[in-house]
Structure formats: C-alpha cells, structure tokens
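Engineer: Handing you this structure, nothing more for now.
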Protein chains: 2
Amino acid sequence: MQKILEKINNNTLRVGIVGLGYVGLPLAASFAAAGIRVTGFDVSETKVAKVNAGNNYILDIRPEQWSKVQELKTLTASADFAAIAQCDAVIICVPTPLDLFHKPDMRFIESACREIGKYLQRGTFVSLESTTYPTTTEHFVLPLLEEASGLKQGTDFWLAFSPERVDPGNKIYDTRNTPKVLGAMTQAGLTIGKAIYSKAIDHIYAVSSPRVAEMVKILENTYRLVNISLINEMALLSGKMDIDIWEVIEAAKTKPYGFQAFYPGPGIGGHCIPLDPFYLEYIAKKFNFDLTMIHTAGHIDMLMPHRVTIKISTALNRHKKPINGSKILFLGVAYKPDIDDERESPALKIMDIVAGKGGEVLYHDPFVPTCTTPGGRGYSSVALTSELLQSCDCVVFTTNHSAFDVDWIVEHSQLVVDLRNAVKVGSDKVYKL
Amino acid sequence: MQKILEKINNNTLRVGIVGLGYVGLPLAASFAAAGIRVTGFDVSETKVAKVNAGNNYILDIRPEQWSKVQELKTLTASADFAAIAQCDAVIICVPTPLDLFHKPDMRFIESACREIGKYLQRGTFVSLESTTYPTTTEHFVLPLLEEASGLKQGTDFWLAFSPERVDPGNKIYDTRNTPKVLGAMTQAGLTIGKAIYSKAIDHIYAVSSPRVAEMVKILENTYRLVNISLINEMALLSGKMDIDIWEVIEAAKTKPYGFQAFYPGPGIGGHCIPLDPFYLEYIAKKFNFDLTMIHTAGHIDMLMPHRVTIKISTALNRHKKPINGSKILFLGVAYKPDIDDERESPALKIMDIVAGKGGEVLYHDPFVPTCTTPGGRGYSSVALTSELLQSCDCVVFTTNHSAFDVDWIVEHSQLVVDLRNAVKVGSDKVYKL
C-alpha cells in the first residue's frame, strides 16, 4: 500500500484504462492532461490507432485538454493487454448493453476481467466504472479477477466500483468537474482509490461499499427513466384533452421547490437511461422482488415509437394520405440534441415501423451521416433543401438539434409532426406530440 | 371591466374567500395584510368565530402578518353567503377529497358554487383554487355558476382557475412569495385576475386556459407521488440487498444536474399528493386513457402500510415476539415533520393494521394531541418518558419531527423501527426501512 501511495504522491504511477469509448477516453485524457502516464486499452485497433496518432474522436473532450495531452505525450493506447502488467491502477470502462431480451449482457466486463487478470500484478488498484446491477463488483468481478490472476483482493490487489457519470453534450459538467462516487471493498482500497481518482477528478465522494456505488448510478438513471416515461404518458393524455403539455411544464417550473422539469419526446435513447434500470430489475428477481415502477416505465417507453407512429398516421390522415406510399423525412436521429450518437435512439425505431408500413423513409442529421435501424435498414443523411422539404408528405422533428432552422423548415414543408416542441409559433401545418 | 379595474387600482375592492382552511386563511391574510378588505366564508361557525375574534389557527401564517391584519381590521368572516353580493372577487378554496373508492368528491366545490351563484353580482371575478381534474372550471364550475346566478361568464362575470401551491411547514415559501399560476376563460378575466392576485402575491404566471392551470398542479403533485413511490420501492429492495438507501440518495445528490432527491418513508400523506394524481386518473378514463404510472404509484403507496407492518413484525420476531400482545409506540402521526396535520397520514393506517393484529398501540406526537384512524380508532398522544420507552416492545419512528431527541429515545428503547432515517448512529436495536 505504501508503494502505490508513494507513486501517486510523486506522480509516477501509470494508469491503465480499459475501453476507449465515451467514458474511457475522456477519463484517460483527464489523467493524461494532469501529467499522469496513461495506457488506454481497447479491442478496436481503429481506436487504438487514432489515439496513438493523436486524433480525438469523442466530441466531449475539450480541444485545449486534448492539446495538453499531446504536448505532454502522457497517453498511449494498445490492443495488447500485456501492458496491464505495467499499470499501478486499472480502470474498466467497457459497455454493459442489454441483449435482445432486455437482459444484462456481461460479456464485455467478463472478457475485460479475464484479460486484466492474466497480467494483473501485486499492488494494483482495480476499479469498475461500467453501469451494472448492485453486487456485480463483489459477486461477478471479484471472483473472475482472483481466478484469472491467482491473487487475493484486499491483500494482493484492491477492488472498487466508481460509476461513470458522463453526460454527452453537457457544456458545463465534464469528467473533471463532475463529482465522482467511489465505493471500495476495503478501507485501504478506498484510500488508494481516492488518491488516484483525485488526479483526474476534482471531487471524490466515498461510500461504504461497491454495491452502494452501483446503486447510486442506477438510482440516478432510474429517476430519469421514470420521469421521462411519466411526462410522455402525460403528454399523450394532454394531446387528447387539448392541453399543451409544454405550456404546462413551463408553468410548473415556476414552482420554486419540489419540482424538476422533464420533457416529452418520441422515447428514451442513449446507452444509459434505456438500459441501467433494467439491470436493477434483473437482479431484483433474484431477491423475489418486482420493481413495478421500472416495469411500468419500460412498458411506456416500449410503446412510444408505436404511439408516435400513430401520431404521424393521424397527421397524414388530415391530408387524406396513408403512411403507405408517403414520403416521410425524419429530422435528427441522434438520441439527444447536438450529439453524434444514435444508439438506442427512438427515431430509428420509428423509422423501422414507418418503413414497415410502406412509408418512404428519409432522414437528415448534421451529426450522423449514416445509420442502421434496429430492423437492419441502412440510411444516409440527405441534404436539407427547400425542394426536399416540399416533396415530402410529412416532416418529423425527432431530435431538436440547435442547428435546425425551424421556421424555414416549417415554411417549406407540407406537414410537420413536432415531437420535440421545436416549432414555437402556431401553424395549421404543425401537429404536436 | 373598467369599474373593477378602478377598484383594484385604488384598493377599494372587496375580496371574498370561500373556505378558511390551510389555503383560504393564509390567502385571506395575505390580501388583508396588504390593506384589501376581505370577507372569509366558511360553513364552520367555529372557524368564523375564531377569525372574527382575531385568533389564527393556521401554523403557516406568520405572526407579524396576522398582527398586521388585526391592526388594519381588514379581515372579517361569515357563515352567511349573502355577503358574496358585496364582493368584487370571489376565490374558492374548498377541499376536493377522494371518496372511499378513490373517486373525486366534488360536493364541496358544487355546494360552494351553488351558494356563490345565488348572490353573485354582475362584474365579479371568480377564481377556483381547489386542486381538481383538468376541465373542471369549464365543464363543472361554469355551468353551475351560470345556472345559479342567471349570469353569463365572459360578459357578466369572469371565471378563472389558479391552483393553490401551499406547502405546509415550508419556512421559505409562503402564499405571498410562491409564484401563482393563473388561467382564465377570457383575456379580460386574465387581466382582472392578474391585477387582483397581484395584491396578495408577488408573482403571477399566466397560462392560456383554466385547463392548463389545472394540469399544472396535477403535474407538480403527480411528479411527487411517482418519485416518492419509486424511492419507497427502491428502499424495500435495498433492504433485501443489504444496501442503505439513504446513503445511496446522499451520494446521488452529488450529481450536479438531472437529479432531485426524494426520501423513503411509510407512505405518502397529506391532502395533496395522495389525492391529486387520482383526479387525473379519473378524468383520463373519459378519454379512454390509462395512466399506468399513476396507477402503479398508487399501487405501491396502497401497499406501503402493509409492507411497513411486515418490517415491524420482522423486527419483533428478532426478539421472539409477535405483534399480538406487544406494546408498540408510534412516534409522530403528522404526515410530515413539524406540522400539526395528520390527514391521510400513513402512520394512522399502520396503527390500524397493528391494532387489528392484536398489538397494543400508543402514539406520541407533540403537534397532534388526539387522532382517529381511518378504521375509527381514537387515540390520545401519550407523554414521552424513559419509563414508557422501556415498557414498549417496539418503538416506531413514523414522522421525523425535529423535536424528537433521537439518541435519548434509542437509548431507552428495547427495539426501534426507523422508517425515516431518524437514527444516525448504528445500533443493534435499530431496524431500518
């Protein structure tokens, strides 16, 4: 323990970061910009090559931070896990998707642990950041690491869980200035973990165990899933009652306590909110516990693309048109504004349903040049011209990118379905969620 | 319209407030303290007599405001609605409970409207503040008032809805400094309503219709119901997983965006959160719409007293005792800390269940000297002594009044069930939710 603390104190430690995606690369950059030597590990040779060539591929990393990293030459990447043996700390930032049946897919964590275990040295600190069900660190990661390394947690190495809190597109909070929750298996692990993470992150908040830290992340995102689902359901009812839900939300926001605004839309997207709560639902079964709120929220979300398709159909019906044979343009496939990520985006699901009903589907997204729907349909973003807009039977606002010139789009469109309250002025052409 | 605006401008208008409860009396006091003449109406002769004798019975009214009202002599009360004829504005603040089958009980609004209608004069502004389902003002109040008065809304009188936002016990936000949402049937009604309410309230936020204003209040409290139910369900799971949910919440609060903390407890209480969302569920049926989130939240809440009773039973079981024959002391029956209101309090429901199972039930609450459970059992608050605590088989924290000396209570108790995270230090005696 004294050895690693000394290395931390004199900045000579080497941090290994496993997984160079939207969590791992910003974390690697934050350590590296602070002068800590970092080795990034990824199975993707493309990502490794980009990092080693000094090319950043994550929008959220600030250019000045990336320049600093290049200047200091503190970051290298590798697809070969043998270099784990040179790392004093190993931080796991691999994805935890759900499979097609909405069950946790632990393969990435499992293979990362097996690879790390092969090369793990005595005296190393290991932290998992991947969002997962509570007890994963203790009951899944720990035995894998011990088995693969032949070492014992608590004496030979230290294990912790520290959830990533990356919010893609957030202009204020990044990896460094977002407080980080950390729960370790032992007090020594907590002391070491705090010292290490403090190099890259301004504020570390310690909790009593990895399972508490795991639950923290699930609570944060379950809160979001449940509230987005609630407001989506209320938006659908409001539509029937001739009430503008967005006007309601703006007014509710004037309550100076006890309210936080969520906004309706075509459904939840991204790699956190549609996934994390279902990790908890999965483990809850083991405890004979039924999480009815998460289940209901999931139910609402699963139906949203269908309900939105009905809205499109209803709007077209006003123009005496069916979906079948209509040309329908989707504006934005990213799952939230001003980001380049279309994972789990509800837009793609709606495009599948509309295409399945015989609609001619097109999309435009300044951040996403090509995309593939869950149904396997491949599309390329089309250029947004007044001619294109005029030629479409229906234009659907699926993402409210700030680059969209909404007035101009409405002016040149025959019919607009606005799922994001993008259109601020009243118009007969516009049909809102 | 000019006449009423003149009276507003030179402060000569008279405001009638119907219902002198926790909403009406603070509003009356806010107008009266601003020098506006107010007549308060209530069917309770007791309340009328108290107001006329200068005795305040609502904790939230600040003593200095009440003194100002007495000094100005601007507030009188009456049980005779004939004085409505002298009012330029009539504001309805009557309760909207649910009946035993959780359906809206509109009797108080209905009888208030009939009485007001009898005496309503041309040129009067009428506003409803009672929380109710969207469309109530337009489809329920409007026809009642027009029929009873023989006058027409929009030409003879003006009708609006403005939801009360009273938060009993809130030390920062009171009637005057909490922004008020207002939706009127006509533009003239909105102009007049804003001018009138501005006498008593600092900030008026106008919306486009009464139904939007009605939905605002329902959204605010549905948000709370859903989130309290969510955290209660997560607390129950956490208990099974050996996770301290309160530690999880404190850690989640370090997320600087996109999270608002709610705390678990024995269930929801009071006259808003357990009721308001079910008004929306009621009207939604008319639109063939199923509000699954509200339904699920209501389901969780309905079960909480039973689940809490199981916790008490489990704690007693550790001491090899059953509920039947055990002496069980409940600390706090008010539905939230430091208030004197036990309406819809989950503590009363738990007391009923425990008494029904043969437990000897006692309670102590410094704010509530006597209470009656939904099952019709009457209790008086007992004095809190070390002898009493020692004699009880189990002590249950149902409300976290700040007056409770928690350490002293734990010290003298045999067994504590803590439903509010009142006990901060670990103890073998304490069993948490």
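Engineer: Quick one: which of B:302-308, A:333-339 comes out on top by average Cβ neighbours within 10 Å, and what's the full order, highest first?
Structural biologist: Sorting B:302-308, A:333-339 by mean packing, highest first, produces A:333-339, B:302-308.
Engineer: Continuing with this model, one more query. For the stretch A:176-296, what is the charge dipole size about the Cα centre, in debye to the nearest 20, if Lys and Arg each add +1 at the Cβ and Asp and Glu each add -1 at the Cβ?
Structural biologist: In debye, rounded to 20, the stretch A:176-296 gives about 640.
Engineer: Nearest 0.05, what FRET efficiency do B:ILE310 and B:LYS424 give at R0 = 25 Å with Cβ-Cβ as r?
Structural biologist: 0.55
Engineer: What are the chymotrypsin sites (Phe, Trp or Tyr not before Pro) within the stretch A:243-319 that DSSP puts in a loop, where the Cβ has at most 15 other Cβ atoms within 10 Å?
Structural biologist: Passing sites in the stretch A:243-319 are A:TYR257, A:PHE287.
Engineer: In peptide A:284-293, what is the residue-averaged number of other protein chain Cβ atoms found within 10 Å of each Cβ?
Structural biologist: Going residue by residue through A:284-293 and averaging, the value is 5.
Engineer: Amide H to amide H under 5 Å from B:LYS180: which residues, 5+ apart in sequence or cross-chain, H placed 1.01 Å off N in plane?
Structural biologist: B:HIS203, B:ILE204, B:TYR205
Engineer: Would you please give the FRET efficiency between B:ASN9 and B:ALA188, computed as 1/(1 + (r/R0)^6) with r the Cβ-Cβ distance and R0 = 22 Å, to the nearest 0.05?
Structural biologist: 0.90
Engineer: Can you give the angle from 0 to 90° between the axis of helix B:210-240 and the longest principal axis of chain B, with both taken from C-alpha atoms, to the nearest 10?
Structural biologist: Taking the Cα atoms of chain B, the angle to B:210-240 is about 0 degrees.
Engineer: Moving to a separate point now. Under a straight-distance cross-link criterion of Cα-Cα below 16 Å, which lysines are reachable from A:LYS432, leaving out those fewer than 8 residues away in the same chain?
Structural biologist: Here the lysines satisfying the reach criterion relative to A:LYS432 are A:LYS240, A:LYS311, A:LYS424.
Engineer: Could you work out, residue by residue across B:206-213, how many beta carbons of other chains sit within 10 Å of that residue's beta carbon, and then give the average as an integer?
Structural biologist: Rounded to a whole number, the mean comes out at 4.
Engineer: Among the listed pairs A:LYS285/B:LYS253; A:LYS255/B:LYS171; A:LYS68/A:LYS199; B:LYS7/B:LYS199, which have their C-alpha atoms separated by more than 20 angstrom in this model?
Structural biologist: Listed pairs above 20 Å: A:LYS285/B:LYS253.
Engineer: Also, I was wondering about something else. Give, rounded to the nearest 20 debye, the magnitude of the charge dipole that the protein assembly as shown has about its Cα centre when Lys and Arg contribute +1 at Cβ and Asp and Glu contribute -1 at Cβ.
Structural biologist: That gives the protein assembly as shown a dipole magnitude of about 100 debye.
Engineer: Next question. Starting from a label point 7 Å past Cα on the Cβ side, list the distances from B:THR46 to the same position in the other copies, nm, shortest first.
Structural biologist: 7.5
Engineer: Round to the nearest 10 and give me the degree value, 0 to 90, for the angle of helix A:63-72's Cα axis relative to the longest principal axis of chain A.
Structural biologist: 20
Engineer: About the Cα centre of the stretch A:285-332, what is the dipole size in debye to 20, counting +1 per Lys and Arg Cβ and -1 per Asp and Glu Cβ, all else neutral?
Structural biologist: Dipole size: approximately 300 debye.
Engineer: Go ahead and run the numbers for FRET between B:HIS102 and A:TYR257, Cβ-Cβ distance against an R0 of 22 Å, rounding to 0.05.
Structural biologist: The value I calculate is 0.20.
Engineer: Per-residue ellipticity at 222 nm for chain A, helices alone: DSSP H runs ≥ 4 residues times -39500 (n - 2.57), over residue total, nearest 500 deg cm²/dmol?
Structural biologist: Calculated from helices alone, the mean residue ellipticity at 222 nm is -12000 deg cm²/dmol.
Engineer: I've got another one for you. Mind listing the label-point distances from B:MET302 to the same position on all other copies, shortest first, one decimal in nm, points 7 Å along Cα→Cβ?
Structural biologist: With the label placed 7 Å along Cα→Cβ, B:MET302 yields 2.3 nm.
Engineer: Across the stretch A:339-345, in residue order, what do the Karplus-derived ³J(HN,Hα) couplings come to in whole Hz, using 6.51 cos²θ - 1.76 cosθ + 1.60 with θ = phi - 60° and x for Gly and Pro?
Structural biologist: In residue order, the calculated couplings are 10, 10, 10, 10, 4, 6, 5 Hz.
Engineer: Sticking with this one: In the stretch B:49-81, what trypsin sites (Lys or Arg not before Pro) fall in a loop by DSSP, with at most 13 other Cβ atoms inside 10 Å?
Structural biologist: Qualifying residues, ordered by number: B:LYS73.
Engineer: Let me ask another. Which net charge results when you count Lys and Arg as +1 and Asp and Glu as -1 among the other residues whose beta-carbon is under 13 Å from that of B:PRO163?
Structural biologist: Its environment carries a net charge of -1.
Engineer: Also, quick follow-up: Mind listing the phi-derived Karplus ³J(HN,Hα) values for the stretch B:79-89, rounded to whole Hz, using 6.51, -1.76 and 1.60 with θ = phi - 60°, and x for any glycine or proline?
Structural biologist: Ordered by residue, 3J(HN,Hα) equals 9, 9, 6, 4, 5, 4, 4, 8, 8, 8, 9 Hz.
Engineer: Collect residues whose amide H, placed 1.01 Å from N in the peptide plane, falls under 5 Å from the amide H of A:LEU128; neighbours closer than 5 in sequence don't count.
Structural biologist: It is A:ILE92, A:ALA160, A:PHE161, A:SER162, by chain and number.
Engineer: Moving to a separate point now. Return the long-range amide H neighbours of A:ARG37 (sequence gap of 5 or more, or a different chain), with a cut-off of under 5 Å between placed amide H atoms.
Structural biologist: Amide H neighbours of A:ARG37: A:VAL15.
Engineer: Related question: Can you give me the Cα centroid spacing of the stretch A:118-191 and the stretch B:365-405 in angstrom?
Structural biologist: One Cα centre to the other: 45 Å.
Engineer: Note the distances from A:VAL382 to each other copy's matching label point, with points 7 Å along the Cα-to-beta-carbon direction, in nm, sorted shortest first.
Structural biologist: 7.7
Engineer: Per residue of A:238-250, how many C-beta atoms from partner chains lie within 10 Å of its own C-beta, taken as a mean?
Structural biologist: Partner-chain Cβ atoms within 10 Å, mean over residues of A:238-250: 6.
Engineer: Round to the nearest 10 and give me the degree value, 0 to 90, for the angle of helix B:107-119's Cα axis relative to the longest principal axis of chain B.
Structural biologist: 20
Engineer: With θ set to phi - 60° and the Karplus curve 6.51 cos²θ - 1.76 cosθ + 1.60, what are the ³J(HN,Hα) couplings of the stretch B:51-62 in order, to the nearest whole Hz, using x for Gly and Pro?
Structural biologist: 4, 5, 8, x, 9, 7, 10, 10, 3, 6, 6, 5
Engineer: Here is a further query. Apply the a/c threshold of 1.5 to the C-alpha gyration tensor of chain A and tell me whether it is rounded, prolate or oblate.
Structural biologist: Here chain A falls in the prolate category.
No lab work stands behind these numbers, since they all come straight from the coordinates. Keep in mind it's a predicted model, so treat the numbers as computed, not measured. When we count neighbours, we look across all protein chains shown, and the Cβ atoms used for this are built from the backbone with ideal geometry, even at glycine.
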